[in-house]
Amino acid sequence: MVGLRLKALFFVLLVVMAISIANAAKDLKEQDVGVQRNLHEDDKGDKKDAKGEKGDKKDDKKEDKEESVGSKVAKKVKGAAASVASAASNASAASAASAASAASAASGKIKGAVAPIGDKLGLKGPSGPSIDVKASGAKGDGKTDDTAAFMAVWKKAIEATTPTTITVPKGDYLVEELLLEGPSKSPITFEMHGNLKAPSAVTTRKPHSGWVNFRKLKDFNLIGNGAIFDGQGSVAWKVNDCKQTGKCNNLPINIRLTQLDNSRISGITSTNSKLFHMNIHQCTNVTLQDVHIDAPPESLNTDGIHVGKSVGVTIRGSKIKTGDDCISIGGGTENLLVEGVECGPGHGLSIGSLGKYPNEEPVKGITIRKCIVKHTDNGVRIKTWPGSPPGLVSGALFEDITMDNVSLPILVDQVYCPHGKCKSGPSKVQLENLSFKNIRGTSSTKIAVQLNCSPGCPCKNVALADINLVSTGKEGAAVSACSNVKPTVTGKMIPAACTEECKPDKK
């Protein structure tokens, strides 16, 4: 009997110690949220303030950074040990079953003991109610307008005082504009197993408006499970005169994320948007994982994912096919990480365009790495308008990128003028601390590298390292052209750096 009790007590100790470590993992996770990335290190840095409605509003959220994770673990284990000691003092008169009961009681003293490990592994813990859109009247037949049903469940979700899941069962749901706006009283999960479908009719909207809008939400989680957001934009592309007029913003964006904080979007595909596919605006600490874009090359002005006035956005694992930039980065973007993205067809991975409007906020701390760019008009590029007001791009790293038959794989273009009607004078957007590292593959044009910096503010601190780009065109071996820049060159360099001056007719 004594041996049985000793075994039970040993089991108690193991259980409570495991629970304590799990709870410490929660503390570690909470401290990890919002950590700012260093340009040259994967996971170091300080969190930046979020942009508010006017671009400068600070996030009120504060985190306790004084207590180390190690000390938290020690405290949890100390408390657990006290619980074990209490159980042990009574074990001499208890059976092994009673000892197990004591272990359960001890674990109950550690708040959230089981859930943190599930959270760390991406698993769901206990949650609040689930609301099914079909239970609110949605048909999912691809013909009936289901807008009212979606808005009804959203109204319930934002008023719920416990975490709530909105469930979209299998089907095709025809919906008009959805304004899914917070703030919510508790976190919302939007879990999809069906697809959303926009009306095919072309109707002009307020500039920069969206078809599906998620706005003013914290700790929001969209789980797509492969769901498709079909913008049915083929008709709109035929009547879009953006290329001639430069007026490109009166059609709906497929998905708009505005003022989201500590949120995650995963497992969705945006297809055939009438305008941009996704616009991320004024967001803080938002992760896009396995978010895909699918549209043909002729889909005009359909940027895949546009990020602006946002801090701490991460885009991972996307496959983007579209008729414009795969990813475009606008003013006010800081600490952006783009990783493991496949781009093409499209116009490449771009910072800008910048300098078209006054008072644009700086772009800082951009990392684009481990990406594949295939059959695109550009590879990685930075583009600013001539005759621009002052602006700044500081700290951009393009690293470990494979080019497959790309026109102009590396491009800095400070005379960007796509419509032929631009202001005179040099761009005043300062580009500094730029690094192009380990970029390899094939160029479909003779010019594989073009650094066309502004004579009004020449590029500062530009580094080229380990470049290997070979031309597949008929014009001859690849060359590198530069203006108003003196890059630092290290490692293998094919083509040799800056052997030509940039020509005005080259983009």
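The values are calculated or read from the model by the stated rules, or taken from the named source; none is laboratory data. If you're wondering where the values come from, they're calculated on a predicted model, not measured in any experiment. In this analysis, Cβ positions are derived from the backbone assuming ideal geometry, glycine residues included, and neighbour counts consider all displayed protein chains. Note: areas computed on protein heavy atoms with side chains; ligands, DNA, RNA excluded. Shrake-Rupley method; radii C 1.70, N 1.55, O 1.52, S 1.80 Å.
Some observations on this one:
- Number of the condition not met by Lys170 [criteria: (1) touching a His at 6+ places or on another chain (Cβ under 8 Å); (2) at pLDDT below 95]: (2)
- Per the listing Val406, Val393, Val373, the residue uniquely farther than 21 Å from Thr322 by Cβ and either free of Cβ contacts under 8 Å to residues at least 24 places away in the same chain or surrounded by 20 or more Cβ atoms within 10 Å (Cβ to Cβ) (or both) is Val393.
- All positions within the range 414-434 that are open to solvent by 20 Å² or more (accessible area, probe 1.4 Å), at negative phi and assigned to a strand (DSSP E or B): Gln430, Glu432
- Within the range 475-507, the set of residues being surrounded by fewer than 17 Cβ atoms within 10 Å (Cβ to Cβ), within 28 Å of His419 (Cα to Cα) and modelled with pLDDT under 95 comprises Glu475, Lys503, Pro504, Asp505, Lys506.
- Screening Thr284, Thr314 for residues that are at negative phi, among the polar types (S, T, N, Q), under 15 Å from the mean Cα position of the chain (by Cα) and crowded, with 24+ Cβ neighbours inside 10 Å leaves exactly one candidate, Thr284.
- Residues of the range 394-410 satisfying the condition of being more than 12 Å from Ser435 (Cα to Cα), in a strand (DSSP E or B) and either more than 19 Å from the chain's Cα centre (by Cα) or not hydrophobic (A, V, I, L, M, F, W, C) (or both): Thr402, Met403, Asp404, Asn405, Val406
- When each of Ile255, Ile293 is tested for being touching a Cys at 6+ places or on another chain (Cβ under 8 Å), among the aliphatic types (A, V, I, L, M) and open to solvent by less than 10 Å² (accessible area, probe 1.4 Å), the lone residue that passes is Ile293.
- The residue of the range 327-342 that is most open to solvent (accessible area, probe 1.4 Å), among those that are closer than 15 Å to Asp290 by Cβ and outside any strand (DSSP E or B), is Gly340.
- Among (1) farther than 19 Å from His347 by Cβ; (2) crowded, with 18+ Cβ neighbours inside 10 Å; (3) of a type in the set (Gly, Ala, Ser) - the single one Ser444 does not satisfy: (1)
- Filter result for Thr167 (among the hydroxyl-bearing types (Ser, Thr, Tyr) and in a loop (DSSP other than H, G, I, E, B)): no
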